[in-house]
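First the structure, in the form of structure tokens, and then the observations on it.
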Amino acid sequence: MKSVCVIGLGYVGLPLALLSLEKGYTVYGLENSPVKVEKLAKEHPNISLNSPDALLSDVIIIAVPTPVDEKKLPDLTPVRVACEQVAEKLTGKGQLIILESTVNPFVSRKYVLPILEKKGFKEGKDFFLVHCPERIDPGNRTWNVSNIPRVIGALSPQGLELSTEFYKSILSAGILPLSSIEAAEMTKIYENSLRAVNIAFANEMAIVMQNMKLDAKEIIQGVKTKPFGLDLCFPSCGVGGHCIPVDPFYLIDESLKRGFDPSFLRTAMRVNGYMPAYTVSLLMHALNETGKSVNGARVGVLGVSYKRNVDDVRESPALDIIKRVKSLGAELKVYDPFIPDYTNATAEEVLACDAVLLLTDHSEFLDYDYSKVPVVIDGKNALDKKSMSGVYKGIGR
Ligand SMILES: NC(=O)c1ccc[n+]([C@@H]2O[C@H](COP(=O)([O-])OP(=O)(O)OC[C@H]3O[C@@H](n4cnc5c(N)ncnc54)[C@H](O)[C@@H]3O)[C@@H](O)[C@H]2O)c1
């Protein structure tokens, strides 16, 4: 791979083109805007602009905008136009086509791929399509195009290999190859949706705090001093303990009294409160896959406390799940080494059941052999999915 063509020399495309140039590639740029072209020609004469040979490059990176229309629906027109240009000139000699623009899961496979294949060339043989979402933060002096880690998803193993090799040649950062192109698409959308949710929460809380004559900035600076527990969260069968499922209701109550409904926080509590029922629905579906119903099945429960290696059952989602599974007519075998009051079976008896619900990730549970259990519902996403021989369902996996 010697030449790189970047389509769209904006906030994302230009730094990438310059980095590729710095790393020794011959760099072509395709840019629509005449104003930008004029400026780029003066400032970056080493980028070959709008050359007819651009799309014959070994690597083609698409970095065009992905806006929403006036109805807030995705407008993939720039992606379509760029892909049509690429398709028109494909050489069939194994070019690597990288979509860096942010797109939804399935856009690469269902929208981009058919355009690229319309002249008869086949992905995985004649060219390779990968998605490597750009995460650049323009203006950030610490994190830039070369040191921000990347995730890559591809449609073929060769595509994944080639693109990993390419990014290794230009980045100083880590690269995480993912299992599918959709996984890469989703990673980027997850990141930005999470940020939108965090910002919305800060905004809703600002209104709550203003109504209480409290200073949002001071409070958030206070919150920031907590050295743990503010990081990225993973999904589970529910939240428990005396704090997270309880404290927000205090705030909801006070805010409602002051005339403001913190609907976002109420939604969060509703979603978290729904997870035990969702976990039971996973059990139903998994047992169904083995030809059984919950009614009459022997269901083993590992863990009753709300948290790993503690003996606290307050607000534990396991209590709700146990109640629901019992009411569906299952025979329950429960084991929690920290909670003798709820334990009615040994670990071996639990593992001999038709289905096992792992509801707490106590250390000793992680060492058990689940390979002979017909159904495992992993409420903490703590087990190795690959080591299962029966039906395995985690929360979101
Ligand atoms: N800006 C950011 O901070 C950022 C960060 C990460 C990811 N992204 C994503 O990267 C993508 C690009 O964003 P951006 O901010 O760089 O957009 P941008 O508008 O700054 O740049 C895109 C450029 O593409 C050009 N263009 C569009 N279609 C073209 C075509 N067919 N041929 C040649 N040029 C074409 C436009 O003229 C424009 O200059 C988007 O999907 C965006 O969501 C942006």
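The values are calculated or read from the model by the stated rules, or taken from the named source; none is laboratory data. The structure displayed is predicted, hence computed values, not measured ones. Positions of Cβ are backbone-derived with ideal geometry, glycine not excepted, and every protein chain shown enters the neighbour counts.
Would the stretch 55-63 turn up any residue that is farther than 22 Å from G120 by Cα, in the same structural domain as G124 (by TED's automatic domain parsing), at pLDDT 95 or above and not charged (D, E, K, R)?
yes
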Next item on the list: Quick one: S108 ticks every box in (1) surrounded by 15 or more Cβ atoms within 10 Å (Cβ to Cβ); (2) among the polar types (S, T, N, Q); (3) more than 16 Å from the ligand (Cβ to nearest atom) except a single one, so which number is it?
Entry: (3)
Margin query: Give me the residue from the stretch 153-189 that is hydroxyl-bearing (S, T, Y) and within 17 Å of V4 (Cβ to Cβ) and, out of that set, nearest to the ligand (Cβ to nearest atom).
Written below: Y167
Checklist line | Failed criterion for I244 (all others in (1) outside any helix (DSSP H, G or I); (2) under 21 Å from the mean Cα position of the chain (by Cα); (3) not basic (K, R) hold) | finding: (2)
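Looking at the stretch 70-79, which of its residues are surrounded by 14 or more Cβ atoms within 10 Å (Cβ to Cβ) and part of a helix (DSSP H, G or I)?
Selection gives P78, V79.
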Notebook entry, point to check: Counting only residues that are within 11 Å of the ligand (Cβ to nearest atom) and farther than 30 Å from E88 by Cβ, which one in the stretch 140-152 is surrounded by the fewest Cβ atoms within 10 Å (Cβ to Cβ)?
Noted result: N140
Checklist line | Close pairs (8 angstrom Cβ cut-off, 6 or more residues apart or separate chains): acidic (D, E) in the stretch 80-108, more than 13 Å from the ligand (Cβ to nearest atom) anywhere | finding: E88/K119
Next item on the list: Would you please name the residue that is surrounded by the fewest Cβ atoms within 10 Å (Cβ to Cβ), looking only at residues in the stretch 264-297 that are polar (S, T, N, Q) and within 27 Å of the chain's Cα centre (by Cα)?
Entry: T267
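Do any strands (runs of 3 or more DSSP E) lying entirely in the stretch 1-69 carry at least 3 residues that are surrounded by fewer than 14 Cβ atoms within 10 Å (Cβ to Cβ), and which ones are they?
In the stretch 1-69, no matching strands (runs of 3 or more DSSP E) lie anywhere.
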Check: Is the stretch 56-78 home to any residue that is away from the ligand (no atom under 15 Å from the Cβ) and of a type in the set (D, E)?
Finding: yes
Next item on the list: Return only the number of the condition from (1) surrounded by 15 or more Cβ atoms within 10 Å (Cβ to Cβ); (2) of a type outside the set (F, W, Y); (3) without any contact (Cβ under 8 Å) to a residue 40 or more places away in the chain; (4) within 12 Å of the ligand (Cβ to nearest atom) that D137 does not satisfy.
Entry: (1)
Check: Among the residues of the stretch 124-134 satisfying the criterion of being under 22 Å from the mean Cα position of the chain (by Cα) and either at pLDDT below 95 or more than 9 Å from the ligand (Cβ to nearest atom) (or both), which is surrounded by the most Cβ atoms within 10 Å (Cβ to Cβ)?
Finding: H131
Check: Do you know which residues across the stretch 170-219 are of a type in the set (V, I, T), surrounded by 13 or more Cβ atoms within 10 Å (Cβ to Cβ) and within 26 Å of the chain's Cα centre (by Cα)?
Finding: I170, I175, I181, T187, I189
